Amino acid sequence: MLDLFSRLQPSFQLCPGVFILREFAGPVEQQLLCDMETILAAAPLRHMHTPGGRRLSVAMTNCGQLGWVSDAQGYRYAAFDPQTGVSWPSIPLSFLELAQQAAQAANFSEFMPDSCLINCYQPGAKMTMHQDKDESDLSAPIVSVSLGLPATFKMGGGQRTGPVHKVMLSHGDVMVWGNEARLAYHGVLPLKEGVHPLVGRRRINLTFRKAR
Ligand code: MD3
Ligand code: FE
């Protein structure tokens, strides 16, 4: 664990249960982006709707045994892509290894995600404060990988309102949440205009979860 942290300075524990691993994904960025394009070809990005009928500004798709979906029926994990009717593409080895290494660096060994949500932000897209609580096993951490344009991430506590930590997340940064932070409210401020040399005019976030 020490050695994983030392090659990745400056990584830190933002607050109990929240680990920020700066540039942890850097060494595998090309492979991640290449594997992501294969997934997008089979399961295209789409703007889902909230149960209340509002279109999400972040475009999403999934890979893994289960994918997070939202529509008029509610939020849930589904084994099939509602848009194509077929299973989500499986989690590529490059994704899985990175998620497991990040979890291990944050002291969660044996993390076995069964779901990876791919979020695509274009300038202006944002994510309002929410909790991730659709997963059955809250003892498993969540690992998120940021690629492309930088974004400001907000993290509060157990309530939607109240003081927040703000953290800039840049290309290659990986965050791990677990334990006391697992149900923290969090969100992303509207993405600023820009073009990333490798990823273009967008921010990609890969969120690995154990949904079942
Ligand atoms: C903080 N995505 O998809 S990273 C989401 O950058 C989501 O796209 C954001 O929040 C993004 O639900 C943030 C992932 C994340 C996931 C779980 C968390 C952050 C978390 C649980 C507790 C606190
Ligand atoms: Fe979330």
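The values are calculated or read from the model by the stated rules, or taken from the named source; none is laboratory data. Nothing here was measured: the structure is a model prediction, and the numbers come from that model. Glycine gets a Cβ as well: all are built from the backbone with ideal geometry, and neighbour counts include every protein chain shown. Quick note on the areas: whole protein, heavy atoms, side chains included, nothing else; ligands and nucleic acids left out. Shrake-Rupley method; radii C 1.70, N 1.55, O 1.52, S 1.80 Å.
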(request) Would you check if there is a residue in segment 30-46 being part of a strand (DSSP E or B) and not charged (D, E, K, R)? (result) no
(message) Tell me whether segment 102-115 contains one or more residues that are over 24 Å from PHE12 (Cα atoms), within 14 Å of the chain's Cα centre (by Cα) and at pLDDT 95 or above.
(response) yes
(message) Would you confirm whether or not segment 67-84 contains a residue that is of a type in the set (S, T, N, Q), modelled with pLDDT of 95 or more and within 16 Å of ligand 2 (Cβ to nearest atom)?
(response) yes
(request) Quick one: which residue in ASP114, ASP132 is open to solvent by 10 Å² or more (accessible area, probe 1.4 Å), more than 13 Å from ligand 1 (Cβ to nearest atom) and closer than 15 Å to PHE208 by Cα? (result) ASP114
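Condition check ((1) surrounded by 21 or more Cβ atoms within 10 Å (Cβ to Cβ); (2) within 16 Å of ligand 2 (Cβ to nearest atom); (3) not polar (S, T, N, Q)) across all residues:
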{"residue": "SER109", "(1), (2), (3)": "no, no, no"}
{"residue": "LYS126", "(1), (2), (3)": "no, yes, yes"}
{"residue": "SER139", "(1), (2), (3)": "no, no, no"}
{"residue": "VAL145", "(1), (2), (3)": "yes, yes, yes"}
{"residue": "ARG160", "(1), (2), (3)": "no, yes, yes"}
{"residue": "LEU169", "(1), (2), (3)": "yes, yes, yes"}
{"residue": "VAL176", "(1), (2), (3)": "yes, yes, yes"}
(request) Take segment 84-107 and flag every residue that is in a loop (DSSP other than H, G, I, E, B), open to solvent by 60 Å² or more (accessible area, probe 1.4 Å), of a type outside the set (A, V, I, L, M, F, W, C) and touching a strand residue (DSSP E or B) at 6+ places or on another chain (Cβ under 7 Å). (result) SER90
(request) Can you tell me which residue within segment 178-199, out of those that are of a type in the set (D, E, K, R) and open to solvent by 30 Å² or more (accessible area, probe 1.4 Å), is farthest from VAL28 (Cα to Cα)? (result) GLU180
